[in-house]
Amino acid sequence: MSTQVHANLTRDQVEQISAELDEPEWLLETRLSALDALDELDMPSVIQTPGRTWTNLTDLDFEGFVDPLNAAQDKERESAEGIEVLEWSEAVAEHGELIEEHFGSVVDPEENYLTALSTALFTDGTVVYVPEGVDAEDVKIRTTMNSRSLFNYTLVVTEESSSVTILERQSTGDDVEGERYYSGIVEIAAGENSHVQYGSLQNLDQETYNYTLKRGTADTYATVNWIEGNMGSRLTKSEVETTLAGDGSESHIVGAFFGHDDQHFDINSRVWHRAEHTTADLVTRGVLDDRARSVYEGVQDVGRDAWNTSSYQRENTLMLSDDSEADASPKLIINNHDTEASHSATVGQVDEQDLFYMTSRGVDPRRARNMLVEGFFVPVLDEVAVDELRDDIEELVAERLRE
């Protein structure tokens, strides 16, 4: 007889998921511990401004979305020479010790309610392992969601003096109906003097609630760069974070989003400077139309031992409608005087003088607005180092403007 933990979730279900993936006992115990912890865990923290909580996660029936034994997706993985890009069951069989060392080392499985839910129920994962001295590009992971709920996990491990560029995409299949929930956890462990570039483009349909947590740790002289594009979903809670744990480590976080209808984006970019001579640059730009809403939080946390730190942050949101709403909360926490750091954030409408200038010279008003929007994204797109991802974002922006 199964133990009923929640309305839809049982220990038997978790055990069945783990058995089908042929996981070791320690991983099953990790899943079961996460399941048991759900009653005690809070939702992820959300951004609050005076008098307002922008994102409401507590009223969403996450368990009501979950059908843990009926996960379905189309998954494509493209590898590169000299590295391994493995589905979860293969990785467990071939690199058990590697997974045991790194799984949960960057993201605590019981950090909050949604990380625990994902840990207990993820049915698919990808492990990218880059051996020492190998340089790899064009690693691709494409996920098409074909079920009411889907939990994905990705682990990236790079050995000393290696590099990899990864492009991940999420979309929704045509045959899925009703409200859905997609969860994605990404852990990156970047070894000494290694370089990781992780680009993600989320284009789930607007019946989907989306939670993603991407977090990396950079060793000595390592680099972890993120590119985060959010175009889809009804509600997105996106957290992209780097801990600069080794001397001379670096991180660059680039974000772009475009909301319309009643989409809601809760975007977080965070970096923790924990070693000497570390560098970070956070750049995000977003556009909102119709009744779309966004809230952004950027955190640069400079620790006491992070001597000679450089940390910069810029966030800009452009609103195309009087009914759209946006707020930004950049935060600079400095515990070391040997620091160069700055942050800025702006929220505003299309410049009426620019619009008047263009229309007075014969440009159609809608075309003029679209040109200004495309130009608004240029500074952040120039920061996107992956050509294919930059082209995809530009195409989706243009498509959205044609609607």
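Listing for the model above:
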{"item": "Evaluated at q = 0.16, 0.18 Å⁻¹: base-10 log I(q)/I(0), Debye formula over Cα of the stretch 195-250", "result": "-0.54, -0.63"}
{"item": "Positive-end residue of 155, 380, 80, charge dipole of the chain with Cβ unit charges", "result": "380"}
{"item": "Convex hull of Cα atoms in the stretch 1-120, direction-averaged projection (nm²)", "result": "10.2 nm²"}
{"item": "Dipole axis of the stretch 60-157 (+1 Lys, Arg; -1 Asp, Glu on Cβ), positive-most option in 143, 116, 64", "result": "64"}
{"item": "Helix axis angle, 365-381 relative to the chain longest principal axis, alpha carbon, degrees", "result": "50 degrees"}
{"item": "The stretch 57-97: GluC sites (Glu not before Pro) in DSSP coil with no more than 12 other Cβ atoms inside 10 Å", "result": "81"}
{"item": "Loop-located GluC sites (Glu not before Pro) in the stretch 126-195, at most 12 other Cβ atoms within 10 Å (DSSP)", "result": "177"}
{"item": "Calculated over the stretch 133-219: convex hull of Cα atoms, volume per residue (Å³)", "result": "73 Å³"}
{"item": "Contour minus Cα-Cα distance for residue 388 and residue 321 (0.36 nm per residue)", "result": "21.1 nm"}
{"item": "Folded to 0 to 90 degrees: helix 11-20 orientation relative to the chain principal axis, Cα", "result": "90 degrees"}
{"item": "Cross-link partners of residue 140 among lysines (Cα-Cα below 22 Å; sequence separation of 8 or more within a chain)", "result": "75, 214"}
{"item": "Fraction of beta bridges assigned by DSSP in the chain that are antiparallel (%, nearest 5)", "result": "10 percent"}
{"item": "Folded to 0 to 90 degrees: helix 25-37 orientation relative to the chain principal axis, Cα", "result": "60 degrees"}
{"item": "15 Å beta-carbon shell around residue 369, net charge (K/R +1, D/E -1)", "result": "-4"}
{"item": "Relative contact order, percent, the chain [alpha-carbon distance under 8 Å, six or more residues apart]", "result": "9 percent"}
{"item": "Shape parameters for the chain, alpha-carbon atoms, Rg then Dmax in Å", "result": "21.1, 75"}
{"item": "Of all accessible heavy-atom area on the stretch 266-354, the percent that carbon and sulfur account for (1.4 Å)", "result": "40 percent"}
{"item": "Estimated dipole of the chain in Debye, rounded to 20 [Cβ of Lys and Arg +1, of Asp and Glu -1, Cα centre]", "result": "1480 debye"}
{"item": "Exposed trypsin sites (Lys or Arg not before Pro) absent - longest run of the chain, DSSP non-H/G/I/E/B, at most 11 other C-beta within 10 Å", "result": "1-303"}
{"item": "Helix-only mean residue ellipticity at 222 nm for the chain, each DSSP H run of n ≥ 4 adding -39500 (n - 2.57), per residue, nearest 500", "result": "-7000 deg cm²/dmol"}
{"item": "Debye, to nearest 20: dipole size of the stretch 107-201, +1 on Lys, Arg Cβ, -1 on Asp, Glu Cβ", "result": "360 debye"}
{"item": "Cα-centre dipole for the stretch 1-127 with unit charges at Cβ (Lys and Arg positive, Asp and Glu negative), debye to 20", "result": "620 debye"}
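The values are calculated or read from the model by the stated rules, or taken from the named source; none is laboratory data. A quick note: this is a predicted structure, and the numbers were derived from the prediction, not measured. With ideal geometry, Cβ positions are generated from the backbone for all residues, glycine too; neighbour counts draw on all protein chains shown. Side chains included, ligands, DNA and RNA excluded: accessible areas come from the protein's heavy atoms. Shrake-Rupley method; radii C 1.70, N 1.55, O 1.52, S 1.80 Å.
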